[in-house]
Amino acid sequence: MTSSPLANLATQKAGLLAAIAALATLDDLREAEPAITGKRSILSTLQKSLGSLEPDARREAGAQLQEARREVEAALELRRTVLAAAARAVLLESDRLDLGDVVVGAVRWPASAGHPGLVASTQRALEDVFVGMGFTVAEGPEVESDWYNFEALNIPPAHPARGMWDTFYVDLGEPETVVLRTHTSPTQIHLMEVAVAADSLPIHSVMPGRCYRRDTPDARHLAAFHQIEGLVVDRGITFADLAGVIETFTRAYFGPDIESRLRPAFFPFTEPSAEFEVTCTICRGEGCRTCSQTGWIELGGCGMLDPAVLEAVGIDGEVWSGFAFGFGVDRCAQMRHQIADMRALIENDTRFLRQFS
Amino acid sequence: MKISLSWLREFVDLPESMEDLRTILDDLGLVVEGIERVGEGLEDVVVARIDEVRTIEGADRVRLVIVDAGHGPVEIVCGATNFELGNYVPFAPVGAVLPGGFVIATRQMRGVTSNGMLCSARELGLSDDHLGLMVLDELTTPRAGQSLLEALALEPDVVFDISVEGNRPDAWSVEGVARDLATRLGRPLRAPSLATPEADVMTDSFAHAGIDDPELCGRLTVSVLRGVKVGPSPSWVVQRLQSAGMRPISNVVDASNLVMLELGQPTHPYDAARVAGHTLRARRARPGETLETLDGVRRELAKAGRGLGDTGEDCVIVDGDDHVLGLAGIMGGASSEISASTSDVLLEAAFFDPMAIARSSKRHGLRSEASNRFERGVDPNLALRAVARFVKILRESVPDLQWLANPLDVWGTVPTPPTIELRVGDIERGLGVELSSAEVTTSLEGLGFRVEPRGSSLFVTAPSSRLDVRSGTAGRADVIEEVARLYSYRRLPRRTPIWAAPGGLTDRQRLRRQIRDVAVDLGVFEAWTPTLGSDADFDLLYAGQLRVRITNPLASEESVMRATMLTGLVRAWGKNVERGTGDVLLGEMGAVFAHPDTTDEPRVTRGGVGGAVTLRLPRENERLTIVLGRLDDDATTAVALWSALADRLGLADVVVRTSGQAPPGFHPTRTALLVDRASGFTLGFVGEVDGELVSALVPLVTSRRLGVVDVDLDALADPSLATRRSALANVPSRYPSAVIDLAFVTPSTVHSADLAQALRDASTLVEEVALFDVYRGATLPDASRSLAFNVRFSSTERTLSEEEINGARAALITTASSLGAVLR
């Protein structure tokens, strides 16, 4: 009976571990690696020698060898991490720069202008129109509770109307209590709550912001998008004021030859509700493929504040009335610049960006 | 919902053109999303019989087909193979014009003449089927040469695809749409013809019904139909269903579907032989019960779902043995389905609580034509009228059908239609125009509302088909919307309101605009990078840390809310490098998100049902991040960019302070804090992107330095944290300044900005101190460098004398040496 090929394994392993511990640089490690774990290493030689054993003995020896190999490989990887960290530390140290010592006047700065994002500049243009009409601008958070995004807007839990919005839920609190806002409308609720608490009604505000819907992106939709919302709460406000504001805005933003019109629609937070359409900016109302030959393009939704919403925020509907409207900022950009595919907006391709100023 | 014009015309006279009707429907809020013309342009198409098929030499894709279209053999080259000799198919002869204006002409192919075209259903605009020719044998008893329209009993028709809004439960039917049109156009609405039950045999002699949970099931009617022979429906029924996009199945199922489309009442037919005790009862499902629905899925009932406010409540229909037959109002079970051998039918027509249906439907992920209608609210009074219509239709194919007398009719809880007081002036206060009582009354009565003048008010009671109409103030708004809708939104007045309060931007909004303008002026391209990213991206910088996670992401790469914009910007820069356009500065202003358990400042807000719960939401921190990616960019140019930005934003004194703590993703030894000297607050960071992050995100690029500026806009917008320069003007002296240079060998531990500030404070004569050169070299002591400052002295009162200048210079040198900086 010959002695086991693994008779000296413990010593051999200790030798390898010592060799690993002695490696001083990553280059050394790379050089030594084949001899430690590679095909010509002692471990591989031992592996080959197992072939001559009986099956049972071979299995046992194989397991033993495998265990040794794991240990050696783990030591090697640990050493690699340590050496890499040391190498990085050396590199970083040699790279060190005290930024307080930068002589700003000596830095060459080529004169070339950048470009604002199309969405941001569109949002600014929209804000400017509304500011000119007497609106202030307000903002709200992107992560909302279900109360602000839905229930206070007269969309109770499990209500079928929630199906109108494909909602992203956030893993916080009870299931489905935290959402990425599906519209800018929750900001209305925040504004009204603040105004009621501060006794500072009326409100005339627009609220731009980023919203999210669980929609697979396509040429006309992005899962993240921007809306601008308008809210007026004042005495004696009627549907005629809503229609007038929409019309004034439409002409101011799109041009004097673009008109607006309203048609009945349903939103849980407004009643009466309307969709508003504007003259197709492509064909100027003649009828084309973009507007399905109708001469009109649907832009957004609007309506008189639903009494249930006023009640949710504690505003007396006998004294105050108001309206809200909302539409897509990205959509306005798409219309104005005739961008066939919305996805261009998130590509951040400088060849696209440099067209806008 | 698809509704054909011919169907609408059964209910109301509509001589208007298709375009005019589209306009009217849109204006009524019944938005037409599409129009299909059926059977138009098929006048020239005839039925042909396939008599012979020959191969064409050298052609393997097409064959020569010889057909008889009533006038002897015609040779046609055809690519389809889905037919056999003797089949009948549609044939467009030479000269025919197909839908879409396609003119059929004689064609030469492979030396053979083709004298017309054999057509697929899609080519005829009859369906989307384009797999082969439309083979007619199964549909009709065709005759060669017969007009196709006649063979299919088709009349050219128009189908409107109407989008019905959530507050129009009544408009989910042909009758409902017709009612709107009739009211708007001032024309009578015709009622469909109905059957009457047999007088002699009572329903309760055969069947039984009950409601255990009256709040879930408001009404359960069960009718018994005997002598049913299951077979095909009459062709008009088939066409109606097809025009609405439904597939004909059998006369019983078709009648049920037709009634639902026409009147809005879903009904459910059961094979009576397969319903134990001929009994139908509605009750709440019990935990542990299961049901295999018609779609073959086994469903666990009464199991609470994840959704907010979902108790797991399911309403089911059970038989006499208390076995579950179906999910009420949503989908039936397989066990009691109508089959070819069914002879007795139990027909259920019911009213279910809309919210209960909505919750069940959502929880089981099961939507059906029935559940769509029930969850919006079916007219509780409609059931038996719908059954009478069902019987009328089924009798056409089953003339001996027997409908037993006194259908079972059990009531639970149904909503009471509200009565709303419309006061004088309410319409004007809502719409800005006063409409006459007569006009309001005509509109509302046309829609089925009951209007009763009492005193100066109108008391308006909603019809049972309008469960969307609420009571009280909300109901008043609902009624006003109906009045406005029928009057036409387009006719309502417009007025642009004015108010005394000025519009404008907040300081923060103005700051944001200013930042954007300055950044753009300095060469920054504004990017929009994703808010949602992958775990892998998050772990690159914050391995193992808590993150804000999306429960239901579209893809796993979009499941984590960003904690920085750095990753997105570097990746966007990398994409531009790939395109060869990477020589660029990319910046973004936006929110980054911190998990409420990892931040001292979570957002605390109301949430949960009724807003009764206090929720801790992620901190949303608005930041400005700019990545400097031009060829020569590095930490130095980043400092220059920041410096210009800070100057333009009017920041009084923000120090670029090197610190041992670089945030994740920043180069650990080439990053500095931006510290407001007055508040001590860190407004942001400037430096370089960590090379490891760059190579992880942009493998293409090796050893390229990326500068970075990252600023906290929340802090920048807060004047107590980001100190602004004084608004008071400092008019420069009219007397000449004296300019000297001072270079100090300064220990590395002393920041140049601190030394500069000390020099400024050292003498009242100092007008400005500016660093202009830094020298490091072997001639200097270890851990030190030479800082050279350009110092301007001046006085507002006089030209400074030599002595004064020397005195000030000495004061500066003394001050510097107190910091360890030695004049060189």
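Summary table below
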| quantity | calculated |
| --- | --- |
| Label zone at B:VAL731, where the point sits 7 Å out along the Cα-to-Cβ direction: region B:794-816 residues whose backbone N lies under 17 Å | B:795-799 |
| Loop trypsin sites (Lys or Arg not before Pro), region B:372-429 (other Cβ atoms within 10 Å of the site Cβ: 15 or fewer; DSSP) | B:ARG423 |
| Reachable lysines from A:LYS48, criterion Cα separation under 26 angstrom, eight or more residues apart if same chain | A:LYS13, A:LYS39 |
| Spacing of the two label points (7 Å from each Cα toward its C-beta) at A:ASP27 and B:LEU185, in nm | 9.1 nm |
| The protein assembly as shown - Cys residues lacking any other Cys C-beta under 4.7 Å | A:CYS211, A:CYS302, A:CYS332, B:CYS78, B:CYS119, B:CYS217, B:CYS315 |
| Averaged over B:499-507, number of beta-carbon atoms from partner chains that fall within 10 Å | 6 |
| Angle between chain A longest axis and helix A:55-95 axis [Cα atoms, degrees, rounded to 10] | 60 degrees |
| By accessible area with a 1.4 Å probe, ligands and nucleic acids excluded, highest first: order of B:HIS130, B:HIS71 | B:HIS71, B:HIS130 |
| Shape metrics for the protein assembly as shown, restricted to C-alpha atoms - Rg then Dmax, Å | 39.2, 130 |
| Karplus-derived 3J(HN,Hα), 6.51/-1.76/1.60, for each residue of region B:316-325, Hz, glycine and proline x | 10, 9, 10, 9, x, 8, 6, 7, 6, 9 |
| Label zone at B:SER471, where the point sits 7 Å out along the Cα-to-Cβ direction: region B:179-223 residues whose backbone N lies under 19 Å | B:215-216, B:218 |
| Pairwise FRET efficiency - B:GLN545 versus A:GLU67, Cβ, R0 = 45 Å, nearest 0.05 | 0.85 |
| Phi to ³J(HN,Hα) by Karplus 6.51 cos²θ - 1.76 cosθ + 1.60 over region B:116-122, Hz, x for Gly, Pro | x, 9, 8, 10, 8, 4, 5 |
| Segments B:482-490, A:149-157, B:2-10 sorted - mean Cβ within 10 Å per residue, highest first | A:149-157, B:482-490, B:2-10 |
| Helix axis angle, B:472-487 relative to chain B longest principal axis, alpha carbon, degrees | 70 degrees |
| ³J(HN,Hα) computed for each position of region B:61-67 - Karplus, 6.51 cos²θ - 1.76 cosθ + 1.60, integer Hz, glycine/proline x | 9, 10, 10, 8, 10, 10, 10 |
| Shielding score for A:230-237, defined as the mean number of other chain Cβ atoms within 10 Å | 2 |
| Dipole magnitude of the protein assembly as shown about its Cα centre (Cβ charges: Lys, Arg +1; Asp, Glu -1), debye to nearest 20 | 1860 debye |
| Selected from A:VAL82, A:ALA10, A:THR45, residue furthest toward positive end of dipole (region A:9-95; charges at beta carbon) | A:THR45 |
| Unit Cα scatterers, Debye sum, region A:9-95: log10 I(q)/I(0) for q = 0.14, 0.16, 0.17 Å⁻¹ | -0.54, -0.66, -0.72 |
| Relative contact order of chain A, pairs being alpha-carbon contacts under 8 Å that are 6 or more residues apart, as % | 15 percent |
| Shape box of region A:143-182 [Cα atoms, principal axes, largest first, Å] | 23, 18, 15 |
| Residue of A:PRO272, A:PRO264, A:PRO110 that the Gaussian network model of chain A assigns the largest fluctuation, springs spanning Cα pairs under 10 Å | A:PRO110 |
| Helix-only CD estimate at 222 nm, as mean residue ellipticity for the protein assembly as shown, using -39500 (n - 2.57) per DSSP H run (n ≥ 4) | -9000 deg cm²/dmol |
| Cα-based helix-to-principal-axis angle, A:26-37 vs chain A, degrees rounded to 10 | 60 degrees |
| Cβ charges +1 (Lys, Arg) and -1 (Asp, Glu), total dipole of region A:9-95, debye | 280 debye |
| Spin-label pair B:GLU439/B:ALA811, simplified geometry with 7 Å Cα→Cβ offset, distance in nm | 8.4 nm |
| Cβ neighbours within 10 Å from other chains - mean over B:575-583 | 3 |
| For the pair B and A, total buried accessible area rounded to nearest 100 Å², probe 1.4 Å | 10000 Å² |
| Stretch gain in nm, segment A:TRP109-A:ALA85, where the contour uses 0.36 nm per residue and the Cα spacing is subtracted | 5.1 nm |
| Between region B:269-290 and region B:1-72, the Cα center-to-center distance that results, in Å | 43 Å |
| Projected label distance in nm at B:SER343 and B:ARG508, using a 7 Å step from Cα toward the beta-carbon | 7.8 nm |
| Cut-off under 5 Å, modelled amide H: who pairs with B:VAL584 long-range | B:GLY629, B:ARG630 |
| Accessible area of B:PHE102 in the full protein assembly, 1.4 Å probe (Å², nearest 10) | 110 Å² |
| Shielded by partner chains, region B:528-562 residues - at least 30 Å² of accessible area, 1.4 Å probe, vs chain alone | B:TRP528, B:THR531, B:LEU532, B:ARG549, B:ILE550, B:THR551, B:ASN552, B:LEU554, B:MET561 |
| Accessible surface, per residue, of region A:9-95 when the full set of protein chains is kept, probe 1.4 Å, Å² | 63 Å² |
| Choice from A:GLU54, A:GLU176, A:GLU271 with maximal GNM fluctuation in chain A (Cα, 10 Å cutoff) | A:GLU54 |
| Mean accessible surface per residue for region A:181-259, computed with a 1.4 Å probe while every protein chain stays in place, in Å² | 31 Å² |
| Heavy-atom accessible area per residue - chain B, 1.4 Å, Å² | 42 Å² |
| Computed accessible area, B:HIS278, all protein chains, 1.4 angstrom probe, square angstrom | 50 Å² |
| Protein-protein interface of region B:301-322, residues with accessible area decrease of at least 40 Å², isolated chain reference, 1.4 Å probe | B:ARG306, B:LEU308 |
| Length gained when the stretch A:ALA340-A:ALA19 is fully extended (0.36 nm per residue, less Cα-Cα span) | 109.2 nm |
| Partners for B:LYS229 among lysines (Cα-Cα distance below 26 Å; same-chain residues under 8 apart left out) | B:LYS392 |
| Whole-number percent relative contact order across chain B, with pairs defined as alpha carbons under 8 Å at least 6 apart | 8 percent |
| Net charge dipole size for region B:717-824 [Lys, Arg +1 and Asp, Glu -1 on Cβ; Debye, nearest 20] | 180 debye |
| Under-5 Å amide H pairs with B:HIS667, H placed in peptide plane, nonlocal only | B:GLU688, B:VAL689, B:ASP690 |
| Share of carbon and sulfur in the accessible heavy-atom surface of the protein assembly as shown [1.4 Å probe, %] | 51 percent |
| Three-way shape call for region A:24-165 based on the alpha-carbon gyration tensor, with the a/c threshold at 1.5 | oblate |
| Cα point-scatterer Debye curve for chain B, base-10 log of I(q)/I(0) at q = 0.06, 0.10 Å⁻¹ | -0.70, -1.14 |
| P(r) of region A:118-356 over all Cα-Cα pairs, binned every 10 Å from zero, in whole percent | 7, 31, 37, 20, 4, 0 |
| Three-way shape label, region B:669-824, alpha-carbon gyration tensor, a/c 1.5 | oblate |
| Overall dimensions of region B:409-472 as given by Cα atoms, namely Rg and Dmax in Å | 13.4, 46 |
| Amide H contacts under 5 Å for A:GLY117, placed H, 5+ residues apart | B:GLU526 |
| Projected area, mean over directions - region B:1-45, Cα convex hull, nm² | 3.9 nm² |
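The values are calculated or read from the model by the stated rules, or taken from the named source; none is laboratory data. As the structure is a computational prediction, the values presented were derived from the model and not from experiment. Cβ atoms come from the backbone with ideal geometry, glycine included; neighbour counts cover every protein chain shown. Areas reflect the complete protein model, heavy atoms only, side chains present, ligands, DNA and RNA absent. Shrake-Rupley method; radii C 1.70, N 1.55, O 1.52, S 1.80 Å.
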